[in-house]
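The values are calculated or read from the model by the stated rules, or taken from the named source; none is laboratory data. Remember, it's a predicted structure, so these values are computed and weren't measured experimentally. Backbone-built Cβ (ideal geometry, glycine too); neighbour counts: all protein chains shown.
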Amino acid sequence: MALALQLLLPAKAAAEHLSGGASDLMGLYGGSALLLGFTGLLGVLGLAPRRWRWFGYRYGRWLLGLGLLVLLGGGFHASVVGTAERETGDVALGRLATQQLLGTLTVFASFWGLVYYAARRSGVLNMGESVKYAILRNGDPPEPTAARVGRPGEQRLMWIPVAAMGFLAFFFSAGVLITLLRLPSGARP
Amino acid sequence: MMFSAVEGSASRNFFYTAVLWMAIGMSFGLFAAVLLIFPDLVKGIPVLEYFTFGRVRPVHTNLVLFGWLSGAYFATLFYMVPRLSGTPLWSERLGNFAVLFYNLLMTAYAVTLLMGMNAGREYAESTWVLKVLTVVLFALVFFNVIMTFANRKEKELYVTAWYMLGAVATAPVIYVVGNQFLMPTNPVTGVNDAVINWFYGHNILGYWFTTIGVGAIYYLLPKLTGNPIWSHRLSMIGFWMLMFVYGPTGAHHLVNGPVPYWLQTISIAFSVCLIVPVWTVLTNFYGTMNGRWGALKESVPLKFLVSAMVFYFITCFQGPMQSLRSVSSIVHFTNWVVGHAHLALVGTFSFIMFATIYYALPRLINREIWSAKLMDWHFWLSLIGFTLFFVSLTIGGLVQGSDWAANQSANFIASVINQRPFNIARAVGGAMILGAQLLFIYNIFKTATAGSRLGAGQAETGSAVAGV
């Protein structure tokens, strides 16, 4: 719904200010891409709820790919909508900014890629599931509650934090949207 | 010998002193909140001239960040690392020396900041001498941790070990670089220093406070529920994503400011990407708790952990949202940001430390917690007080943002007056939080002095560390 609003009313979400103006359209595309990608990741790893596990195995990679498409396509769309560099027509500034951006990403990705590669080569990086049992046999005894036998209906307690998270997320989002929309039109970002 | 070599003593001593610094730091915080309601409270009173808001606030932030939370984190490292490694802590004597060093350093922090010796950089207000000594403190603790890992018997590294090693590897770098290599006079000034300051200010949260906090969750959840974590593979993806993605996010504190546009965009993009590591933690949390929710009724540490997960989610929901330019233009510099910071440091990481202390301390001193009723009071008073605290700050921040955006700069005082009811609610919430912690400290004191011995099933087998 937020994405639809952004597409229909792009100007209202645009941030016009001294350091350049661009809409937060990319933020919405990025969030959507992450949602699709994370869902796909859970599917590929076989971590979807039991009823949906077959769906995850079958379509997980497709969801990952779709997330990537949304990210790339969204980036294209956001740049078509317009940036400060395009509007000012300063080609040199745009080139410099792009170089700095790519340079930073290259250094960062190279460093962490090297760290990950070294960790895998040395055999230290263990992604296997067997290691998770080590914590239960390390001689530090679990709390008495760990041995407690569950009673019928207690699984419903799960909905307390779920509801709290949902309510607070709604509360914060609504608060921000209401604040933004209630501003006089000349004061809106 | 002056420094004890008893197994577990360094961890225990760090826990004891950390909770005392928590009480002191939070008291300064409450006083700062009261000053926002009664700004002339200390005006004209000779001794109290040191206790103006400008001095009290940095004392609060530094004592809760470095005195309480970092102290508790050192204790957590000294407790969990030996048990993950299958070997005792490399040197309890060095650990106890670090305890003494840390307490003297925190005293110096408080005294110098109250005297107005302030470097003027957020979360790095202390003078350069104290910053050098802080690095020495980190070195004392981390050397002990690294040597323990180096001598480990448990060859497989559980995810908590990865998070703790990640903290050890990255936190000193961030502290040293972010404080301009600890030079006595900052060679970089102005907006460029702001960029460096927020590289430090935000990344110390991600690479020190988040790593140890999340690592502690992964240790405690199996211990409190009896279930292994749902997916170790997913937790490792979360760890590596955190390590990769957190670094460039610092400049989101400077969005809409006079810093390069591309830098802001990178920080926003990576802030949004941070959603994924958070979701890995939350997915593992719900997966691990599956079938064990009944334990929530009887376990106060688990209540704290579940609450911490809710606050962690909401902190990391707000973060990407408020890094967007349009949202940032409304909430930047307002009480919303103060609420957000407290959601992370109090609601998430302090709550995790309360759970850790309730779990670890009885095992360290071989005594049961003195009063289960006080534990309950501690939890409910903390939760209700903190909810009042952050809700009032969030709504107040939105009111501030809309006041300023609607061109109240011509009447700024009106926006200040509008905050009064929210400041009062915040102070009430803060008083409840502090009251809860005083009950907690009393319970810890009575546990240490009068708690009953642990039953045979709860005491650790053989030596205090793994595998025996």
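Out of everything in region B:119-144 that is of a type in the set (A, V, I, L, M) and not in a helix (DSSP H, G or I), what residue ends up being surrounded by the fewest Cβ atoms within 10 Å (Cβ to Cβ)? In this case the residue turns out to be B:Ala119. Set side by side, the residues B:Phe412, B:Phe422 differ, and just one is among the aromatic types (Phe, Trp, Tyr) and more than 14 Å from chain A (Cβ to nearest Cβ), which is B:Phe412.
The residues of region B:353-400 that are among the small types (Gly, Ala, Ser) and in a helix (DSSP H, G or I), listed by number, are B:Ala355, B:Ala360, B:Ala372, B:Ser382, B:Gly385, B:Ser392, B:Gly396, B:Gly397. Taking region A:44-153 as the region of interest, the helices (runs of 4 or more DSSP H) fully inside it that hold 1 or more residues being within 30 Å of B:Leu302 (Cα to Cα) and modelled with pLDDT of 70 or more are A:53-81. Taken over region A:163-186, the criterion of being assigned to a helix (DSSP H, G or I), hydrophobic (A, V, I, L, M, F, W, C) and surrounded by 13 or more Cβ atoms within 10 Å (Cβ to Cβ) is satisfied by A:Ala164, A:Met165, A:Leu168, A:Ala169, A:Phe171, A:Phe172, A:Val176, A:Leu177, A:Leu180.
Put simply, of B:Asp376, B:Asp403 the only residue that is acidic (Asp, Glu) and within 14 Å of chain A (Cβ to nearest Cβ) is B:Asp403.
Here is a check on your reading of the model: is B:Thr315 in contact with a His (Cβ under 7 Å, 6 or more places away or on another chain) and within 30 Å of A:Glu129 (Cα to Cα)?
So B:Thr315 passes the test.
B:Trp208 meets the conditions (1) away from chain A (no Cβ under 14 Å); (2) surrounded by fewer than 23 Cβ atoms within 10 Å (Cβ to Cβ); (3) within 25 Å of B:Phe78 (Cα to Cα) in every case but one. The failed one is (2). Take the conditions without any contact (Cβ under 8 Å) to a residue 24 or more places away in the chain and farther than 21 Å from A:Leu114 by Cα and apply them to B:Pro228. Does it pass? Considered against the rule, which asks whether it is without any contact (Cβ under 8 Å) to a residue 24 or more places away in the chain and farther than 21 Å from A:Leu114 by Cα, B:Pro228 comes out as no.
A residue that is within 18 Å of the chain's Cα centre (by Cα) and buried (at least 24 other Cβ atoms within 10 Å of the Cβ) cannot be found anywhere in region B:252-275.
For first residues located in region A:166-180 and over 19 Å from B:Ile275 (Cβ atoms), partners that are modelled with pLDDT of 90 or more and assigned to a helix (DSSP H, G or I) and lie 6+ apart or on another chain with Cβ distances below 6 Å form the pairs A:Gly175/B:Leu398; A:Thr179/B:Leu398. Every condition in (1) surrounded by 22 or more Cβ atoms within 10 Å (Cβ to Cβ); (2) at the interface with another protein chain (Cβ under 8 Å from one of its Cβ atoms) is met by B:Gly238 except one, and the failing one is (2). For B:Val399, state whether it is over 17 Å from B:Gly339 (Cβ atoms) and modelled with pLDDT under 95. So B:Val399 fails the test. Tell me, yes or no, whether region B:320-338 has at least one residue that is in contact with a Phe, Trp or Tyr (Cβ under 6 Å, 6 or more places away or on another chain), assigned to a helix (DSSP H, G or I) and surrounded by 20 or more Cβ atoms within 10 Å (Cβ to Cβ). No - not one qualifying residue is present in region B:320-338. Close contacts from region B:136-155, counting a first residue that is closer than 14 Å to B:Arg83 by Cα and a second that is surrounded by fewer than 13 Cβ atoms within 10 Å (Cβ to Cβ), with Cβ to Cβ under 9 Å and a gap of 6+ residues or different chains, come to none at all. In region B:261-300, the residue that is nearest to B:Trp198 (Cα to Cα) out of those that are within 7 Å of another protein chain (Cβ to nearest Cβ), in a helix (DSSP H, G or I) and in contact with an Asp or Glu (Cβ under 7 Å, 6 or more places away or on another chain) is B:Trp293. Report whether or not B:Phe317 is surrounded by fewer than 23 Cβ atoms within 10 Å (Cβ to Cβ) and either without any contact (Cβ under 8 Å) to a residue 60 or more places away in the chain or more than 13 Å from every other protein chain (Cβ to nearest Cβ) (or both). In short, yes. Within the option set B:Gly44, B:Gly25, B:Gly116, B:Gly71, being more than 30 Å from A:Pro141 (Cβ to Cβ) and surrounded by 20 or more Cβ atoms within 10 Å (Cβ to Cβ) holds for one residue only, B:Gly25. Of all residues in region B:1-32, those satisfying the criterion of being part of a helix (DSSP H, G or I), in contact (Cβ under 8 Å) with a residue 60 or more places away in the chain and either β-branched (Val, Ile, Thr) or touching a His at 6+ places or on another chain (Cβ under 9 Å) (or both) are B:Thr17, B:Val19, B:Ile24, B:Met26, B:Ser27, B:Gly29, B:Leu30. Taking region B:178-191 as the range and being more than 14 Å from every other protein chain (Cβ to nearest Cβ) and assigned to a helix (DSSP H, G or I) as the test, the residues that pass are B:Gly178, B:Gln180, B:Phe181, B:Leu182, B:Gly190.
Residue count for region A:140-165 satisfying the condition of being facing chain B (nearest Cβ under 7 Å) and farther than 30 Å from B:Phe78 by Cα: 9.
In this structure, does B:Ala344 turn out to be crowded, with 21+ Cβ neighbours inside 10 Å and within 8 Å of another protein chain (Cβ to nearest Cβ)? No; evaluated as a whole, the condition is false for this residue. Just one of (1) on the phi < 0 side of the Ramachandran plot; (2) within 11 Å of chain A (Cβ to nearest Cβ); (3) surrounded by fewer than 21 Cβ atoms within 10 Å (Cβ to Cβ); (4) not hydroxyl-bearing (Ser, Thr, Tyr) fails for B:Gly226. It is (1). Restricting B:Leu205, B:Leu165, B:Leu224 to those that are modelled with pLDDT of 90 or more and more than 20 Å from B:Ala360 (Cβ to Cβ) reduces the list to B:Leu205.
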